[in-house]
1. Kindly provide the set of residues from region 154-170 that are modelled with pLDDT under 95, of a type in the set (S, T, Y) and buried (at least 24 other Cβ atoms within 10 Å of the Cβ), ordered by number.
2. Looking at D235, D141, D180, D149 in this structure, which one is outside any helix (DSSP H, G or I) and in contact with a Cys (Cβ under 8 Å, 6 or more places away or on another chain)?
3. Give me the strands (runs of 3 or more DSSP E) completely within region 72-123, filtered to those with at least 1 residues that are in contact with a strand residue (DSSP E or B) (Cβ under 7 Å, 6 or more places away or on another chain) and within 16 Å of the ligand (Cβ to nearest atom), ordered by residue number.
4. Taking the stated definitions as given, is C216 crowded, with 19+ Cβ neighbours inside 10 Å, within 24 Å of C286 (Cβ to Cβ), not assigned by TED's automatic domain parsing to the domain that holds E160 and not charged (D, E, K, R)?
5. For region 173-206, what are the residues that are crowded, with 22+ Cβ neighbours inside 10 Å, more than 10 Å from the ligand (Cβ to nearest atom) and within 12 Å of Y287 (Cα to Cα)?
6. Quick test of your reading of the structure: P251 fulfils all but one of (1) in contact with a Gly (Cβ under 7 Å, 6 or more places away or on another chain); (2) under 23 Å from L173 (Cα atoms). Name the failing condition by number.
7. Does L167 satisfy the criteria of being within 13 Å of the ligand (Cβ to nearest atom), in a helix (DSSP H, G or I) and in contact with a Phe, Trp or Tyr (Cβ under 8 Å, 6 or more places away or on another chain)?
8. Can you pull out the residues in region 552-597 that are in a loop (DSSP other than H, G, I, E, B), β-branched (V, I, T) and touching a strand residue (DSSP E or B) at 6+ places or on another chain (Cβ under 6 Å)?
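The values are calculated or read from the model by the stated rules, or taken from the named source; none is laboratory data. Keep in mind the model is a prediction, meaning the values are calculated, not measured. For neighbour counting, all protein chains shown are included, and Cβ atoms are generated from backbone atoms with ideal geometry for every residue, glycine included.
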Amino acid sequence: MRAVRVFLVPVVVALVWSVAGSSAYGFVTLKGYNGKDIYWDKAVIKWYLHPNGSSDVSFQELQSAVAAAFQSWKSVPCFTKQFSYEGTRTSDPQDGVYIRFVESNWDSSVDGAAAYAMTWKNNWGGGEKITNGVIVFNGQDVSWSTNPDLSPMSYQSDIEGVTAHELGHILGLDHSRELDATMFFTGGGTSMRTLEDDDRNGLCFIYGTFTQGKPCDSCNSDSHCASGICLQYPDGATYCGKDCWSNAQCPELFYCYALSSGTDQCVSNNTYCNQQGKNIALGSFCYGMETCQSGLCLVAYGDAYCSRTCTSDSVCGSLKCANGYCMKQGTKGFGEVCQSHHQCASQVCWLQSPDGVAYCSKSCSSQTDCPAGYACSGQYCITGGSGTYKADCEEDTECQSLLCFDPGNGDSFCSQKCSGDSQCPGTDKCALGTCSPIGSVPFGGPCQSGTDCLGALCKGFGATRYCTKTCAADTDCPGNATCLTAGYCSQASDIPKPCTDSAQCSEGQFCREMAGGNYGQCVVKCNAFADTGCSEGMDCRWVYVAASNQVLGECVTADPSAGTEGDECSQGLPCRPSLICAVLDQGTGHCYRDCKVGSGLGCSPGYDCVSANIAGDPLHGLCLCAGVCDPVITEPEPDVITSPDVVSSDRWTAPDQSGSGQDQKGPPGVDTSDPALADDPYTPLPGSPSQGSCSASPHHAGSSTIPGVLVVLLLAGLWVCSRRGRRHGRALPRHEP
Ligand SMILES: [Zn+2]
């Protein structure tokens, strides 16, 4: 190897240059403690399954999915090794690859992971020969699927895709910097089943021949690199560069370094192409939680960049604070197809039903701000149906105005919002914020005389006169009104005050739009995430306001007999109004806390907010335990961090080595970065451990209302986020796909 040594200048290189879409980063290999790439020496690599398989799919489905993942790697032409399924084993045979699911008591040290892989190496030679490996799936917190058509919005994870990723680790690959690669640090859908060039390159680098190394691709000799130069970085690791004569020719986070001899090379200004650099700035491309200064690498919508939590734009640099996280500013204009709010300059991606295609919206203050076919929701232009004013309708979406108004007789028509008569067509009146033909003021609305009212019945005194209707029994009357002996419905005092705007409501109330396009009612506001703000005997119920994409809470009568968090629930066995009953994984329904997808708001630490996939309520999520959810996780951080022995066997014997680990063929690989760990019999491979800070599932950040997108983040949350108690970045097993 030519080993050109690069001494990075200790200058903080401001990231003033960047190359759009540059993903010139590539595969990374795992190293033995001698610093060499690890690899399998055996010609035939056996694999085994635990006979219990997964509780989510049949054993046959599992076996087929795993076999397919092996086949993906096997089919790379440069790779000549064989894989051989050797049947089931109830314990690790330590002879090949052993795959099993953990359905309960998931190892708390990898709490947020969906799966992880551990590899053992021989202790003679350089410790670079892999002897055996284990892949452990988290069946406790993650629902697994083999469905090839698994929706990206599903809360489920794909067994084959995740197996392919974990197998990459087992074969000697670390996380890639290539966003699309199966070996990228997070992911989870079926797209991971298919290897990308970068994955194949990595495999060929280890097991075959490879000569096309890009910047940050591993190399051992100049011949591995497309530029013909293998660079040794100050930390001793060796990576390819790229010919350049100016920074502009280098990928983002690289600069053009002048070698003393030979063509100048693109050199990483992150910590030496090292995944644990923790020095990528906000908004820049990242490839692992530990690569960001903030510890939060947000992966979404074909992008990955460093983010952080925020309450205002002021801490977000060039990013924008949305949903509690710094997000990239959207660029898409009105009417452009979008998958998430933050892709839009307006920050509003409006999901148009029923085709499911969403478009960027724009803000508006009145109908005139919106083009034809769009209605001003009060904040944003949103799409409506074809129904013009007074057209018959049943649903809001049938109306251009998105307001299907039932004046009280069930004879709904498309109306429009107004604040005065002059805003209504012809001689129609503005009643209760809604344009109505004369004589159509609905029940409860104010009137001067019967001609104002639908039903021509105006009762009451002076300013309290209201439109009502005839009745024979209480059931004839809307809401809480009762049938008075006079034969018309009362305007019961507890009938909520009608409104069109929260400003019309008393303090502590908001104007809640009623179903069916009816005018709003003032209801008592509460905190839907904290379930607080209601008086005794009341519970705070989640309310999603589509028009403004807001989540509010309303106080409703509590049901003391209903289920509390974690209780079983079903049709006849409801949860308290502040909870949501969901059946995960075709099992029994349980009561979960509400949370806001995207921000995780509502969940306690240790929980992930998983989309509830409720049509029309896209922000609604369930708090699912991400692994360790008891109060204990209010972390004994200090002693964990200072402990020299974080990878102590009491942690690592747990997942796999029940006894059998004691007599493995040779001591496993150790992390060269920490000699103190060398004696640990279960120290897994070195490499980038991928633990970002894991508080409150940051990866959900900014996900938004479009489900397909959501999931990416969600998966990131489950898979990447891990080890809340151990941020010490080293010698951890490969986990999370
Ligand atoms: Zn991984």
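1. The answer is Y155, S157.
2. D141
3. Working: elements: 82-88, 96-102, 115-121.
The qualifying strands (runs of 3 or more DSSP E) are 96-102, 115-121.
4. On the way: crowded, with 19+ Cβ neighbours inside 10 Å: yes; within 24 Å of C286 (Cβ to Cβ): yes; not assigned by TED's automatic domain parsing to the domain that holds E160: yes; not charged (D, E, K, R): yes.
Yes; evaluated as a whole, the condition is true for this residue.
5. Matches in region 173-206: R177, E178, A181.
6. (1)
7. It is true that L167 is within 13 Å of the ligand (Cβ to nearest atom), in a helix (DSSP H, G or I) and in contact with a Phe, Trp or Tyr (Cβ under 8 Å, 6 or more places away or on another chain).
8. Hits for region 552-597 are T588, V597.
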